[in-house]
Amino acid sequence: MKTIGILGGIASGKSAATKILQELGAEVFDADLAGHRVLEIPEVKEEIRARFSSAVFDDQGNVSRPKLAALVFGDSPEQRQALADLEKISHPRIGAELQKSRNQAEDRGVIAFVVDAPVMIKAGWIEHCDHVLFIDASRETRLKRALARNWTENEFDIRESAQEELDVKRHHADFVIANDGDLSQLRDEVSAYWRQQIATSLS
């Protein structure tokens, strides 16, 4: 089984590329969704309450992701420290879930396992990957896509600043897939990678 890491900037098309790989036969681990599940663990809630106070919880006692995001995403020293503290709480648990999912996929005979995680390098999960794909799109293209999702340019810049720089991500990539075009072009690029690197390993 090949483990494939997906890297790219905000709104570069990582999710679209991941969906195409899934359609081709890969199983996908979405670290963002895993992060949502982690926030529901009682002991995680207690650690977050101890670090960030009850102000980041809603009326039902659940972690409010928008409230938490306001504290951890930004350029101030306080926000950077808050993000680091949150990652210390969440990353080990997400990593454990990733490893469990990967092992289960391999036991089932899955041919490819995709790790979709924006902080893959920082968290050390890139070490699990046989191949790393970098989905490449210009800032202009990515910002246009983000604005179409009702983000502001400031939100786009803040979220991007919380991740590794694009040059760092590109440096770790084994394959670069251009995505300044439409979905059909991306499908062609990803399908070509699959045929050349994954399907051939089965023959």
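Towards the positive end of the charge dipole of region 2-202, with charges on Cβ (+1 Lys, Arg; -1 Asp, Glu), say which of Y193, A96, P118 has the farthest Cα.
A96
Report the FRET efficiency, 1/(1 + (r/R0)^6), for E127 and D107, where r is their Cβ-Cβ distance and R0 is 22 Å, rounded to 0.05. Walk me through the intermediate numbers first.
Working: r = 20 Å, r/R0 = 0.92.
Computed FRET efficiency for E127 and D107: 0.60.
Show which lysines lie in cross-link reach of K144 when reach means a straight Cα distance below 28 angstrom and same-chain residues fewer than eight apart are skipped.
K14, K19, K67, K122, K169
Long-range amide H contacts for E27: which residues qualify at under 5 Å (H placed 1.01 Å from N, peptide plane, sequence gap of 5 or more or a different chain)?
Those lying under 5 Å, H to H, from E27 are A112, F113, V114.
Name the residue from H128, G25, N150 whose Cα lies farthest towards the positive end of the charge dipole of the chain, charges +1 on Cβ of Lys and Arg and -1 on Cβ of Asp and Glu.
The residue sitting farthest along the positive end of the dipole is G25.
If the only charges are +1 at each Lys and Arg Cβ and -1 at each Asp and Glu Cβ, what is the size of the charge dipole of region 2-202 around the Cα centre, to the nearest 20 debye? Numbers along the way, then the final one.
On the way: 26 positive and 34 negative charges, 42 e Å.
Taking the Cα centre of region 2-202 as origin, the dipole is about 200 debye.
In what order do E46, E189 fall by count of nearby beta-carbon atoms within 10 Å, going from fewest to most?
E46, E189
Roughly what % antiparallel, to the nearest 5, for the DSSP beta bridges in region 2-202?
5
In percent, what relative contact order does region 1-98 have, based on Cα pairs under 8 Å that are 6 or more apart in sequence? Don't skip to the answer; put the middle values down first.
Numbers: 54 pairs, mean separation 23.6, N = 98.
Normalised by residue count, the contact order of region 1-98 is 24 percent.
Kindly express, to the nearest 10 degrees and within the range 0 to 90, the angle between helix 183-193's C-alpha long axis and the longest C-alpha principal axis of the chain.
70
By how many degrees, 0 to 90 and rounded to 10, does the Cα axis of helix 77-107 deviate from the longest principal axis of the chain?
40
Can you give the relative contact order of region 2-202 as a percent, counting alpha carbon pairs under 8 Å and 6+ residues apart?
Computed value for region 2-202: 39 percent relative contact order.
Counting only residues 5 or more places away or on other chains, whose amide H sits under 5 Å from the amide H of V132 once H atoms are built in the peptide plane?
G5, D174, F175
Which of rounded, prolate or oblate describes region 58-157 when judged by the alpha-carbon gyration tensor and an a/c cut-off of 1.5?
It is oblate, given that a/c is not under 1.5 and a/b is not larger than b/c.
Once you put a point 7 Å from the Cα of A178 and another 7 Å from the Cα of A70, both along the Cβ direction, what distance in nm separates them?
Label-label distance for A178 and A70, simple model: 4.3 nm.
I need the shape label for the chain. Rule: rounded when a/c is under 1.5, else prolate if a/b > b/c, else oblate, with a, b, c from the alpha carbon gyration tensor.
Details: a/c = 2.18, a/b = 1.40, b/c = 1.56.
The shape class here is oblate.
Rounding to the nearest 10 and keeping the result within 0 to 90°, find how far the Cα-based axis of helix 139-148 lies from the longest principal axis of the chain.
60
Fewest to most neighbouring Cβ within 10 Å: what's the order for W125, W151? Working shown, then result.
Details: W125 22, W151 17.
Ascending Cβ contact count within 10 Å gives the list W151, W125.
Values in this text are rule-based calculations from the coordinates and carry no lab data. All of these numbers come straight from a predicted model, not from anything done at the bench. So basically every Cβ, Gly included, is an ideal-geometry build from the backbone, and we count neighbours across all protein chains shown.
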